[in-house]
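Structure, as structure tokens:
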Amino acid sequence: MKFFIDTANLAEIKEAYDLGVLDGVTTNPSLMAKEGISGKNNILKHYVDICNIVDGDVSAEVIATDFEGMIREGQELADLHENIVVKVPMIAEGVKAIKYFSNQGIRTNCTLVFSVGQALIAAKAGASYVSPFLGRLDDISTDSLQLISDMRLVYDNYMFETEILAASVRHPMHIVECAKIGADVATCPLGSIKALLNHPLTDSGLAKFLSDYQKTNS
Ligand code: E4P
């Protein structure tokens, strides 16, 4: 399973990349705003800065909600760097834009996906990635992992090449469960990636090894 980091914070992206397990980055307008990045030129520059840290796909989201606007913005984003993936919302105009970009060889990430029907439409339109939002489904008492499971079944039934990019990840077990089901990618906050490293028996085991070494080597 590929690991993406879900942030626009350059320091966090660098930390995850330096760990050696990072395959890409996802951003969204809320994450850009959280970093205080505003104004078209600053936003475009920030995407380039991210691409210069990570050797992997970087999702950059369009703001327009009409077909022509999405095409214009998406083309501009795709021209920034070869690793940019144009992130497009799951709305009818977005589906048309995904189809257009697919025909042009521009890769897309269909975002704000909450049902198998939406995932099926996005795949048929030729999305490179489809992003089901786990945490936001869990928040409304809906089984988000069942959605990942159902998407895996449907995509495998028809051999869709669209990759399942589990998003809105809130904790390390989301990542583990997605890996068990067979999601292609999980995009995660840095804290959830780092939490996967931890186990109390690792900590106590290492402390014992080091103290035993000190006893005979000091
Ligand atoms: C990533 O592509 C999504 O925009 C992101 O994971 C949404 O996460 P949230 O539900 O925590 O805002």
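Of the residues A179, A183, A195, A167, only one is open to solvent by less than 70 Å² (accessible area, probe 1.4 Å) and touching a Pro at 6+ places or on another chain (Cβ under 6 Å); which?
A195
Considering only the stretch 4-122, give the strands (runs of 3 or more DSSP E) lying wholly within it that have at least 1 residues that are within 25 Å of L147 (Cα to Cα), of a type in the set (S, T, Y) and free of Cβ contacts under 8 Å to residues at least 60 places away in the same chain.
On the way: elements: 24-26, 57-61, 84-89, 108-113.
In the stretch 4-122, the matching strands (runs of 3 or more DSSP E) lie at 108-113.
Just to be sure, is V85 of a type in the set (A, V, I, L, M, F, W, C), open to solvent by less than 60 Å² (accessible area, probe 1.4 Å) and in contact with a Lys or Arg (Cβ under 6 Å, 6 or more places away or on another chain)?
When the stated conditions are applied, V85 passes them.
Got a sec? Which of P132, P189 is within 11 Å of the ligand (Cβ to nearest atom) and open to solvent by 10 Å² or more (accessible area, probe 1.4 Å)?
Of the residues listed, the single one that is within 11 Å of the ligand (Cβ to nearest atom) and open to solvent by 10 Å² or more (accessible area, probe 1.4 Å) is P189.
Kindly provide the set of residues from the stretch 88-114 that are closer than 24 Å to K45 by Cβ and open to solvent by less than 70 Å² (accessible area, probe 1.4 Å), ordered by number.
V88, P89, A97, F101, I106, T108, N109, T111
Taking the conditions exactly as written (under 20 Å from S168 (Cα atoms), more than 14 Å from the ligand (Cβ to nearest atom) and open to solvent by less than 50 Å² (accessible area, probe 1.4 Å)), does L77 satisfy them or not?
For L77, the condition - under 20 Å from S168 (Cα atoms), more than 14 Å from the ligand (Cβ to nearest atom) and open to solvent by less than 50 Å² (accessible area, probe 1.4 Å) - is not met.
Among the residues of the stretch 148-164, what is the count of those that are of a type outside the set (F, W, Y), surrounded by fewer than 18 Cβ atoms within 10 Å (Cβ to Cβ) and not in a helix (DSSP H, G or I)?
Within the stretch 148-164, residues that are of a type outside the set (F, W, Y), surrounded by fewer than 18 Cβ atoms within 10 Å (Cβ to Cβ) and not in a helix (DSSP H, G or I) number 2.
Is it the case that the stretch 195-212 has a residue that's touching a residue at least 24 places away in the same chain (Cβ under 8 Å) and either part of a helix (DSSP H, G or I) or within 16 Å of the ligand (Cβ to nearest atom) (or both)?
So far as the stretch 195-212 goes, yes, one or more of its residues are touching a residue at least 24 places away in the same chain (Cβ under 8 Å) and either part of a helix (DSSP H, G or I) or within 16 Å of the ligand (Cβ to nearest atom) (or both).
Looking at this structure, is A16 buried (at least 22 other Cβ atoms within 10 Å of the Cβ) and under 29 Å from H174 (Cβ atoms)?
Against the criterion (buried (at least 22 other Cβ atoms within 10 Å of the Cβ) and under 29 Å from H174 (Cβ atoms)), A16 qualifies.
If you check R136 against the conditions, is it within 16 Å of C110 (Cβ to Cβ) and of a type in the set (K, R)?
yes
Restricting attention to the stretch 23-37, which residues are in contact with a helix residue (DSSP H, G or I) (Cβ under 7 Å, 6 or more places away or on another chain) and near the ligand (Cβ under 10 Å from one of its atoms)?
To start, the set of residues in the stretch 23-37 that are in contact with a helix residue (DSSP H, G or I) (Cβ under 7 Å, 6 or more places away or on another chain) comprises 25, 32, 37.
V25 - this is the single residue of the stretch 23-37 that is in contact with a helix residue (DSSP H, G or I) (Cβ under 7 Å, 6 or more places away or on another chain) and near the ligand (Cβ under 10 Å from one of its atoms).
The values are calculated or read from the model by the stated rules, or taken from the named source; none is laboratory data. Values in this document were obtained by computation on a predicted structure and should not be read as measured data. Virtual Cβ from ideal backbone geometry, glycine too; neighbours counted across all protein chains shown. Just so you know, the surface numbers come from the protein's heavy atoms only, side chains and all, with ligands and any DNA or RNA stripped out. Shrake-Rupley method; radii C 1.70, N 1.55, O 1.52, S 1.80 Å.
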